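Accompanying notes for the structure given below.
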Amino acid sequence: MSTLAGAAARQKSVGRRKSRLGWNLLGLLVFVTAGFPLYWMLNTAFKPAKDAIDADPSLLPTGITLDNFGRALDISDFWGPVGRSMVVSLAVVVIGMVVGLLAALAISRFAFRGRKIVIVGILAVQMVPLVAMIIPVFLLLNDLGQYDRLTGLIITYLTFILPFTVWTLRGFIVNIPKELEEAAMVDGCSRTGAFLRVVFPLLAPGMVATSVYGFIQAWNEYLYALMLLSQKNQTATVWLGNFTTKHGTEYAPMMAGATMMAVPIVALFLLVQRKMAAGLTAGAVKG
């Protein structure tokens, strides 16, 4: 019996190792697939411009140069579009978090007539393709005198980032037990005080995660920025499109520009990575 039990245990152990190996290989495949475009962007950004248009490109760097970054900065103003993108993205995140948090709190904690309709409406708005709203948004902003203004672009971005923010924050708030607020109110806190002292600290990781995704959406948006702003007010994504002209595409400077555009996002992730991890796993265990 002991021999049979030992053999079964060994077979089970071998099965677990094979399963672990299979999952590791799958994870490695996903990592390579997702990371290769980033690697190719960096590889092209630092290689000589003539090698970037080689018909038989090399997977490994054949030479390293910084000339592409200088060329990218010389094509047109870089800091202006980046500054405007930063202003728009931060404004959208701040306004979206304030309004979205209040809306998510109302939907999660208060029972009112039409609550389910509001929730369904939030989901329905996210299902509408953004390209379908370009003409109505353009006409509306033109009538309001907000065409070719950053405020108009901020308002436009809020229309599709706010529903995402409300829906995401609602999920985090729902997983915070109401009993915690009730206990704080029994101890003498007002409803606002209970929220600030009890709920808000628990909600902070979720707010950070939501803010980062909202910032990325606003930072990377291209179509509305192209249609609603003129050349003098262009954002960073539209600036990146200047590398494609009637004479062709300058791939090496374009990849250098894309690398510089990625720096703020990478820096943001490095600053809030711990809060991001906590926010993404918040609510996995309820109670």
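The values are calculated or read from the model by the stated rules, or taken from the named source; none is laboratory data. Treat the numbers as computed from the prediction; the structure is a model and nothing was measured. Every residue, glycine among them, receives a Cβ derived from its backbone with ideal geometry; neighbour counts consider all protein chains shown. Side chains included, ligands, DNA and RNA excluded: accessible areas come from the protein's heavy atoms. Shrake-Rupley method; radii C 1.70, N 1.55, O 1.52, S 1.80 Å.
Answer with yes or no whether L140 is over 30 Å from A194 (Cα atoms), assigned by the TED database to the domain that holds R191 and of a type in the set (A, V, I, L, M, F, W, C). Judged against the criteria, L140 is a match.
When V99, V14, V30 are screened for being modelled with pLDDT under 80 and more than 20 Å from A258 (Cα to Cα), only V14 passes. Within the range 123-134, can one find any residue that is open to solvent by 40 Å² or more (accessible area, probe 1.4 Å) and in contact with a Leu (Cβ under 8 Å, 6 or more places away or on another chain)? Within the range 123-134, one or more residues are open to solvent by 40 Å² or more (accessible area, probe 1.4 Å) and in contact with a Leu (Cβ under 8 Å, 6 or more places away or on another chain). The lone criterion from (1) exposed (fewer than 15 other Cβ atoms within 10 Å of the Cβ); (2) touching a residue at least 40 places away in the same chain (Cβ under 8 Å); (3) of a type in the set (A, V, I, L, M) left unmet by L105 is number (1). Take the conditions (1) in a loop (DSSP other than H, G, I, E, B); (2) out of contact with any Ser or Thr (no Cβ under 7 Å at 6 or more places or on another chain); (3) touching a residue at least 60 places away in the same chain (Cβ under 8 Å); Q146 misses just one of them, which is (3). When you check P264 against the structure, is it outside the structural domain of W40 (by the TED database) and over 26 Å from the mean Cα position of the chain (by Cα), yes or no? The answer is no for P264.
One residue stands out among those in the range 31-57 that are surrounded by 11 or more Cβ atoms within 10 Å (Cβ to Cβ) and small (G, A, S): the one that is nearest to the chain's Cα centre (by Cα), which is A45.
Within the range 176-189, one or more residues are open to solvent by 30 Å² or more (accessible area, probe 1.4 Å), in contact (Cβ under 8 Å) with a residue 60 or more places away in the chain and over 15 Å from V88 (Cβ atoms).
Of the residues making up the range 197-210, not one is within 12 Å of I161 (Cα to Cα) and open to solvent by 30 Å² or more (accessible area, probe 1.4 Å).
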